[in-house]
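Participant: Before I ask anything, let me first share the structure, which is written out below as structure tokens.
The values are calculated or read from the model by the stated rules, or taken from the named source; none is laboratory data. These numbers come from a predicted model, not from an experiment. No Cβ is skipped: glycine too gets one built from the backbone with ideal geometry, and neighbour counts run over all protein chains shown. When the accessible area is computed, the model is the full protein with side chains, heavy atoms only, and any ligands, DNA or RNA have been set aside. Shrake-Rupley method; radii C 1.70, N 1.55, O 1.52, S 1.80 Å.
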Amino acid sequence: SSDNNKEISMSDTTLSTREEWLTWAASLLAQKLFIPRGFDIDLTNVRYSSGFPLGSRGSNKHLGQCLDPSVSGTGLTEIYISPTVSDSSNVLGVLQHELVHHYVGLAEGHGKRFGQVARRTGLEGPNTATIPGSRARTQYTFIIGEIGSYPHSEVTIPVYGSKGSNLIKAQCPTCNYTVRLTSRWLRVAIPICPSHMTDMTIEERKNV
């Protein structure tokens, strides 16, 4: 086993960041649910963070994502937990799902091997939307008792406009680079010119 999989104790340690919490949680998930079932998962090359999975901003459908080391400048597997998830037990459920991806390899997707490992480590339901079964939830209770609650408050993504909304023009005042977007995305952030890295000018802000 890797050093990350050794028995750990939180005794007098306080986890103040989400990254620290997710790192310790992953080690405990490995100890309690993966290794006892014969899955000697290696966590030495994994980094964890809170962030929106690709293509999911504004949606509650994608709660986590595991990215291959080939797309990270660090050469590490990157696991993200959506900021819309704050309940500690639910975070552990998403994290465990992503750890299964890491263990079986991303090329496996949600295929047969993914399902086998997910079931044996205590996850239930469809491979694409697993939920923790009673065995996993029992271990989650122990883990939360050991490291405390997830240090994060839920982020609610507002939905603005409608499918019929007119697109709003944004233009770079320097080079006139132009994009059009809905008021919904304008409320998330002002677009930035990719050439000059400056805020673009919004031509119209109706219904924002």
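Participant: Starting from the Kirkwood radius over alpha-carbon pairs of the range 27-130, derive D by Stokes-Einstein at 20 °C in a medium of 1.002 mPa s and give it in µm² s⁻¹. Intermediate results must be reported in sequence, preceding the final value.
Facilitator: Numbers: Rh = 13.9 Å.
Diffusion coefficient, whole number: 154 µm²/s.
Participant: Classify the range 72-138 as rounded, prolate or oblate, taking a ≥ b ≥ c as the square roots of the eigenvalues of its Cα gyration tensor: rounded when a/c is under 1.5, otherwise prolate if a/b is larger than b/c and oblate if not.
Facilitator: Working: a/c = 2.11, a/b = 1.13, b/c = 1.86.
Oblate shape, in that a/c is at least 1.5 and b/c is the bigger or equal ratio.
Participant: Could you sort the peptides 33-43, 187-197 by per-residue average Cβ neighbour count (10 Å cutoff), highest mean leading? Write down the numbers at each step before the final one.
Facilitator: Numbers: 33-43: 17.0, 187-197: 13.4.
So the order, starting with the most tightly packed, is 33-43, 187-197.
Participant: What order do L181, L95 take when sorted by accessible area (1.4 Å probe), most exposed first? Write out the running numbers ahead of the final one.
Facilitator: Working: L181 25, L95 0 Å².
From most accessible down to least: L181, L95.
Participant: Sticking with this one: Using every alpha carbon pair in the range 49-202, what percent of pairs falls into each 5 Å bin from 0 up to the bin containing the largest distance?
Facilitator: Over the range 49-202, the share of Cα pairs per 5 Å bin runs 2, 8, 14, 15, 15, 14, 11, 9, 7, 4, 2, 0 percent.
Participant: Could you order V94, V71 by accessible surface area, starting with the largest, using a probe radius of 1.4 Å? Don't skip to the end; give the middle numbers.
Facilitator: Values: V94 20, V71 100 Å².
Heavy-atom accessible area, descending, gives V71, V94.
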